[in-house]
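Enquirer: This is the structure I want to talk about, given as structure tokens.
Values in this text are rule-based calculations from the coordinates and carry no lab data. For clarity, every value in this text was computed on a predicted model and none was experimentally measured. Because the Cβ atoms are built from the backbone with ideal geometry, glycine has one as well, and the counts that use them run over all protein chains shown.
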Amino acid sequence: MQSAALKQLGHSSLAGKTALVTGASGGIGRAISFELARRGARIVATGRSRSKLHVLRETLNGEKTLAAAEHISIECDVRNKDSVRDLCAQSGSVDILVNAAGVSRDGLLVRQRMQDIEEMLETNLLGTMSLCRVVASGMMRRRAGVIINVSSVVGMRGNVGQSAYAATKAGVIGFSKALAKELGPRGIRCNVLAPGFIETELTRDILQNPVTKALIEGVPLGRVGSVDEVAHAAAFLAEAEYMTGQVRVYVTIVIVIVIASHV
Ligand SMILES: NC(=O)c1ccc[n+]([C@@H]2O[C@H](COP(=O)([O-])OP(=O)(O)OC[C@H]3O[C@@H](n4cnc5c(N)ncnc54)[C@H](OP(=O)(O)O)[C@@H]3O)[C@@H](O)[C@H]2O)c1
């Protein structure tokens, strides 16, 4: 491909790869889907909202990307084991798995409903584990693959009103670190993205909160992040195999990237 054409179409580093992206009907997953597609990956977009997935799939297929096959979308509730199994069966071979599905139900612990706590655990942590469990077995057979799990800076630092959410996101980090050790010898990388505040549906209300506004002032860049900034970091992690062939530490170690977070 000539450089001018590549410039027009984006990078082709992920050409021939299939990326399964959960949470693709939401802000961050959607942006990651576009970024990986621009770099040549065929996207299997998943979420629960049929209409949002439909729009995403049509838009992706309407874009000039370097993907070898059509982008598809499949509805899936990550809390449901059968739904996850069906999704993986329909996805075919997955080279890149991005777990971006997540929910946040904020509130002081003593006032929180167990139902909300369970929903966060089942979606953010168990959902991520469930997808990794099924997809990793195919990757292990092929001795190749990349897993990117989306955690949060809250999982490392904690935050008032987010104890349960923080626990699920801290769980994702511990889980991913262990998984990276299990799967590294089989040529599979597992990394974590831990964004700070990013403007999406998930943060629409809390970004208006005066406490949150004060926290944002403490961010070195003094602003919230954008979904495109997270997507670039995800693409970096997806492509890092090229670099890690030379820098071994990246093959075996979990990278936690904190975007515009507090230091
Ligand atoms: N925005 C931030 O500031 C921020 C910061 C740090 C980390 N994160 C993390 O980034 C990820 C994406 O967040 P976002 O900001 O893009 O939120 P969002 O716009 O609300 O999107 C959330 C996504 O998760 C999906 N989802 C929720 N429950 C699900 C379930 N049971 N089964 C399948 N899919 C489910 C939603 O699908 P449907 O809408 O189709 O149900 C949607 O696609 C989350 O894990 C979040 O915790 C976000």
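Enquirer: Considering the options 232, 92, 167, tell which one lies farthest towards the positive end of the dipole of the chain, charges being +1 on Lys and Arg and -1 on Asp and Glu at the Cβ, about the Cα centre.
Expert: 92
Enquirer: If you don't mind, there's one more thing I want to ask. Could you pull out which residues in region 148-191 have an amide N less than 12 Å from a spot 7 Å beyond the Cα of residue 111, following the Cα-Cβ vector?
Expert: 161-162
Enquirer: For residue 193, which sequence-distant residues (separation of 5 or more, or a different chain) have an amide H within less than 5 Å of its own amide H, given hydrogens modelled in the peptide plane?
Expert: So residue 193 has HN proximity to 149, 150, 151.
Enquirer: Next question, about the same structure. With charges only on Cβ, +1 for K and R and -1 for D and E, what is the dipole size of region 107-221 about its Cα centre, in debye, rounded to 20?
Expert: Its charge dipole is roughly 700 debye.
Enquirer: What lysines sit close enough to residue 177 to cross-link, taking a C-alpha to C-alpha distance under 26 Å and skipping anything fewer than 8 places away on the same chain?
Expert: 17, 81, 169
Enquirer: Give a residue-ordered list of calculated ³J(HN,Hα) values for region 176-188 (Karplus: 6.51 cos²θ - 1.76 cosθ + 1.60, θ = phi - 60°; whole Hz; x for Gly, Pro).
Expert: 5, 4, 5, 5, 4, 6, 5, 9, x, x, 9, x, 10
Enquirer: A further question on this structure: Where the centre of each part is set by its Cα atoms, how far does region 14-65 sit from region 139-171, in angstrom?
Expert: A separation of 21 Å, based on Cα centres.
Enquirer: First check a/c for the chain, with a ≥ b ≥ c the square roots of the eigenvalues of its C-alpha gyration tensor; if it is under 1.5, answer rounded, and if not, answer prolate when a/b is larger than b/c or oblate otherwise.
Expert: Because its axes are fairly even, with a/c under 1.5, the chain counts as rounded.
Enquirer: Another one. In a shell of Cβ-Cβ distance under 14 Å around residue 31, excluding residue 31 itself, what net charge do Lys and Arg (+1) and Asp and Glu (-1) give?
Expert: -2
Enquirer: Kindly put 25, 91, 152, 12 in sequence by how many other C-beta atoms sit within 10 Å of each C-beta, fewest to most.
Expert: Going from least to most buried by this count: 12, 91, 25, 152.
Enquirer: Calculate the dipole size of the chain relative to its Cα centre from +1 charges on Lys and Arg beta carbons and -1 charges on Asp and Glu beta carbons; express the result in debye to the nearest 20.
Expert: 580 debye
Enquirer: Let me ask something additional. Pairs of alpha-carbon atoms within less than 8 angstrom and 6+ residues apart define the contacts here; what relative contact order does the chain have, in percent?
Expert: 18 percent
Enquirer: How large is ³J(HN,Hα) for each residue in region 133-142, as worked out from phi by the Karplus curve 6.51 cos²θ - 1.76 cosθ + 1.60 (θ = phi - 60°), to whole Hz, x for Gly and Pro?
Expert: Those phi angles translate into 4, 6, 5, 5, 5, x, 5, 5, 4, 8 Hz.
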